[in-house]
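Asker: The structure is given below, and queries will be raised subsequently.
The values are calculated or read from the model by the stated rules, or taken from the named source; none is laboratory data. Owing to the predicted nature of the structure, the values given are computational and were not obtained by experimental measurement. Note that we place each Cβ from the backbone using ideal geometry, even for glycine, and neighbour counts take in every protein chain shown.
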Amino acid sequence: MLTDSHTHLNAEQFNEDQAEVIQRALEAGVTRMVNVGFNRETIPSSIELAEKYDFIYTTVGWHPVDAIDMMPGDLEWIEALCKHEKVVAIGEIGLDYYWDKSPKDVQQRVFREQIRLARKLGMPIVIHNRDAHQDILQILKEEKAAEVGGIMHCFSGSWETAKQCLEMNFHISFGGPVTFKNAKQPKEVLAQVPLDRLLIETDAPYLTPHPFRGKRNESAYVRLVAETAAEIRGLSLEELAAITTRNAMGLLGLK
């Protein structure tokens, strides 16, 4: 009973075989998938996917790379969509200092606006963080994000960073990179995260786990992440799956 807490099944990489990819996930024991809508193009198709499959849920939010494209009215649009019964969080939102499409000040403004919206609605948030640990932590603290909590998606930071996120009511989610042989830091962090705050994900079609690294990722491969996490924590695959599914259900209100 696995849960992929972060996937992009509506990405163009799945245009030819989306239904088959979803079926393979079910056959691998993935009983719930949270699909992420993150801009004007992907939000509507993510909601459509969640409406089509009862075991798929969706988030809605504005990705930091696309922050420059956010227009007046888009925040109100996201707020209206949050009333949908299959929308379970606002995200993915955050900061991305690797790509330079959107200026840092624009990213930070859009990030703050969405945290405020989440607090207004009482919804958890899904955080995208690339090369921006300190600014992410500072903004989460200043905007009182602990009131709603959420998910640190595909966590790549240190244990010190993770501890601060845990103190602010966040779950820590691990994806494919934790399976890489040279992934010393993610494995060390995963070993210490309280079990009631642990989540797993794929971020498909990106960040494919070993041994398929370099190929297209898909939700079925969350099982590989679960196997690695179970080994690190000294648990059976079934125990790890049950724990992370229970965590996702509690945080996001999944059925």
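Asker: When you look at PRO209, is it under 17 Å from the mean Cα position of the chain (by Cα), modelled with pLDDT of 95 or more and over 27 Å from THR42 (Cα atoms), yes or no?
Answerer: Values: under 17 Å from the mean Cα position of the chain (by Cα): yes; modelled with pLDDT of 95 or more: yes; over 27 Å from THR42 (Cα atoms): no.
No; evaluated as a whole, the condition is false for this residue.
Asker: So, in segment 1-35, how many residues would count as being assigned to a helix (DSSP H, G or I) and either loosely packed, with under 14 Cβ neighbours inside 10 Å or charged (D, E, K, R) (or both)?
Answerer: Total satisfying the criteria: 6.
Asker: Restricting to strands (runs of 3 or more DSSP E) lying wholly in segment 146-236: which have 2 or more residues that are under 30 Å from ARG119 (Cα atoms) and of a type in the set (Phe, Trp, Tyr)? Can you show your working first?
Answerer: On the way: elements: 150-152, 170-174, 198-200.
Counting at least 2 such residues, we get 170-174.
Asker: Another question about this same structure. Only one of ARG112, ARG116 is surrounded by fewer than 21 Cβ atoms within 10 Å (Cβ to Cβ) and in contact with a helix residue (DSSP H, G or I) (Cβ under 7 Å, 6 or more places away or on another chain). Can you tell me which?
Answerer: Working: ARG116 fails: in contact with a helix residue (DSSP H, G or I) (Cβ under 7 Å, 6 or more places away or on another chain).
Answer to the selection: ARG112.
Asker: Being among the hydrophobic types (A, V, I, L, M, F, W, C) and crowded, with 21+ Cβ neighbours inside 10 Å is the filter; apply it to segment 172-188 and report the residue that is farthest from ILE56 (Cα to Cα).
Answerer: Residues of segment 172-188 that are among the hydrophobic types (A, V, I, L, M, F, W, C), as a first pass: 172, 174, 178, 180, 183.
From what is left, the residues that are crowded, with 21+ Cβ neighbours inside 10 Å are 172, 174, 178.
Working: ILE172: 21, PHE174: 19, VAL178: 24 Å.
Only one residue tops the list, namely VAL178.
Asker: I'd like the residue in segment 36-58 that is assigned to a loop (DSSP other than H, G, I, E, B) and not aromatic (Phe, Trp, Tyr) and, out of all such residues, is surrounded by the fewest Cβ atoms within 10 Å (Cβ to Cβ). First the steps, then the outcome.
Answerer: Step one: list which residues in segment 36-58 are assigned to a loop (DSSP other than H, G, I, E, B), which gives 38-41, 53-55.
Now restrict to residues that are not aromatic (Phe, Trp, Tyr): 39-41, 54.
Numbers: ASN39: 16, ARG40: 14, GLU41: 13, ASP54: 10.
Per the stated criteria, the residue is ASP54.
Asker: Just to check your reading of the model, which residue among LEU195, LEU140, LEU121, LEU166 is surrounded by fewer than 16 Cβ atoms within 10 Å (Cβ to Cβ) and under 18 Å from the mean Cα position of the chain (by Cα)? Working first, answer last.
Answerer: Working: LEU140 fails: surrounded by fewer than 16 Cβ atoms within 10 Å (Cβ to Cβ); LEU121 fails: under 18 Å from the mean Cα position of the chain (by Cα); LEU166 fails: surrounded by fewer than 16 Cβ atoms within 10 Å (Cβ to Cβ).
When all the criteria are applied, what remains is LEU195.
Asker: Just to be sure before I move on: is ALA226 crowded, with 24+ Cβ neighbours inside 10 Å and within 25 Å of MET123 (Cβ to Cβ) in the structure I sent?
Answerer: Details: crowded, with 24+ Cβ neighbours inside 10 Å: yes; within 25 Å of MET123 (Cβ to Cβ): no.
So ALA226 does not fit the description; no.
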